[in-house]
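See below for the structure under consideration.
The values are calculated or read from the model by the stated rules, or taken from the named source; none is laboratory data. Because the structure is predicted, anything quoted here is derived from the model rather than measured. Virtual Cβ from ideal backbone geometry, glycine too; neighbours counted across all protein chains shown.
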Amino acid sequence: MSAPTVTALFRDQKFDALLVTKPENVRYLTGFTGSNGWLLVFPDGAITLYTDPRYTVQSAVQCTCQVVIAKGMLSEAIQEDLKRLKIRRVGFEAEHLTVGRYESFSDFKLKPAKVLIETLRMVKTDDEITKIRASVITNSKALEAALKRFKTGMTETELAAEIDYHSRKFGADGPAFDTIVAVGPNSAQPHARPGKTKINAGILLIDMGAFEAGYASDMTRMVHVGPPTTLYKKGYAAVLESQLAAIDAIKPGVTAGRVDQITRAVLKRHNLDKEFIHSTGHGLGLEIHEPPRLGRKDPTKLEPGMVITVEPGIYQEGWGGIRIEDTVLVTATGCEILTPTSKELRQTG
Ligand code: GLY
Ligand code: MN
Ligand code: MN
């Protein structure tokens, strides 16, 4: 992170220091990964990290910015410094700071700053892209290793455990979200929780992601246990067509909302648009879900260096769901699908 980028945060803003409390933003600006760290960012690009004595060594290793080891509450140490520096107008992350913490700053003029750093984070640096690529590869390797261990009659939870185990073995810090393994009608819930249902026959939806070196990957793949029905094959082909059409349209200047319209238009041609009940995708990086949102109304123009998911799906209560999801990098001329896992109709058992 270079000073000019941080200083750009202050353009058109009515504050003289920015209080950063969201851990992913703290990590982005300073490299600090401790659980208790807040920042003051100043208009000249200077940053001070406030943390506690548990992180004296870690902060010295991870950060080049000024570090204050606070003996008590971070908010008290920060307020003392703000008073000493005679700063009263302080921007804060309105989407993150709790009301209680907000009220403790009653001597100051707190100004809400919405998704400021998240906006910077949308376009990834080369180093971040390298980390996302590694995370995506680990995620795909973990799926194959887990499917090798799959046996008919295994429960959803057991297969999810295989996925999580292999993901860590291949280099992940941990899962980027609770791994979804959903069989049969359970797959009609887009965010189903794996349970004790045995995987014997039918639709199997697996949605998994890794965090590696702090960065997320996200992939959904379908496996059919036993021979698929004609209805499943038709649904799978329609979702895949919708996903590929959206990926085909991704390039700089296209809005996130436009990509969403494309997936919906394809599903509408198959009379399946009413079964698509979530947005087409989302940015990912230090968080599994971050801007932009590939939803109907997002006017964000895609730029080279953005990393997004494309994940249309259809869901029929009582029958099941079909979703196909890749992690995709926007490039200067179009996009690159980072996820190497095949999207051929897959059958097992
Ligand atoms: N499972 C989270 C997502 O695909 O967005
Ligand atoms: Mn996703
Ligand atoms: Mn996912």
Scan the range 4-20 residue by residue and report those that are crowded, with 18+ Cβ neighbours inside 10 Å and assigned to a loop (DSSP other than H, G, I, E, B). LEU9, PHE10, PHE15, ASP16
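What residue, of GLY305, GLY285, GLY295, GLY253, is at pLDDT 95 or above, within 16 Å of ligand 2 (Cβ to nearest atom) and touching a Lys or Arg at 6+ places or on another chain (Cβ under 9 Å)?
Just one listed residue meets the conditions, GLY285.
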Which condition from (1) without any contact (Cβ under 8 Å) to a residue 60 or more places away in the chain; (2) within 16 Å of ligand 2 (Cβ to nearest atom); (3) aromatic (Phe, Trp, Tyr) is the one that PHE170 breaks? (2)
Scan the range 173-186 for residues that are in contact (Cβ under 8 Å) with a residue 60 or more places away in the chain, within 22 Å of PRO228 (Cβ to Cβ) and within 13 Å of ligand 3 (Cβ to nearest atom) and report the count. 1
Selection over the range 107-130 where residues are at pLDDT 95 or above and part of a loop (DSSP other than H, G, I, E, B) yields a count of 5
When you look at LYS83, is it surrounded by fewer than 18 Cβ atoms within 10 Å (Cβ to Cβ), of a type outside the set (Gly, Ala, Ser) and modelled with pLDDT of 95 or more, yes or no? yes
Being assigned to a helix (DSSP H, G or I), basic (Lys, Arg) and under 23 Å from ASN186 (Cβ atoms), is that true of even one residue in the range 262-277? yes
ARG323: touching an Asp or Glu at 6+ places or on another chain (Cβ under 7 Å), among the basic types (Lys, Arg) and either within 13 Å of ligand 1 (Cβ to nearest atom) or farther than 27 Å from VAL26 by Cβ (or both), yes or no? yes
Matching entry among LEU267, LEU272 (being away from ligand 1 (no atom under 16 Å from the Cβ), among the hydrophobic types (A, V, I, L, M, F, W, C), within 25 Å of PRO252 (Cα to Cα) and out of contact with any Leu (no Cβ under 8 Å at 6 or more places or on another chain)): LEU267
Could you tell me which residue of the range 185-222 is farthest from ligand 1 (Cβ to nearest atom), considering only residues that are of a type in the set (S, T, N, Q) and either more than 17 Å from ILE163 (Cα to Cα) or buried (at least 18 other Cβ atoms within 10 Å of the Cβ) (or both)? ASN200
Give me the pairs, please: first residue somewhere in the range 129-151 and closer than 24 Å to ILE199 by Cα, second residue anywhere and aromatic (Phe, Trp, Tyr), beta-carbon distance under 8 Å, and either six or more positions apart or on two chains. LYS141/PHE170; ALA142/PHE170; ALA145/PHE170; ALA146/TYR165
Counting only strands (runs of 3 or more DSSP E) wholly inside the range 163-220, the ones holding at least 2 residues that are aliphatic (A, V, I, L, M) are 180-183, 202-208
Strands (runs of 3 or more DSSP E) contained in the range 30-81 and holding at least 3 residues in contact with a helix residue (DSSP H, G or I) (Cβ under 8 Å, 6 or more places away or on another chain) and of a type in the set (Phe, Trp, Tyr): none
Could you grab me the full set of residues in the range 302-328 that are crowded, with 20+ Cβ neighbours inside 10 Å, closer than 17 Å to LYS124 by Cβ and away from ligand 3 (no atom under 14 Å from the Cβ)? LEU302, MET306
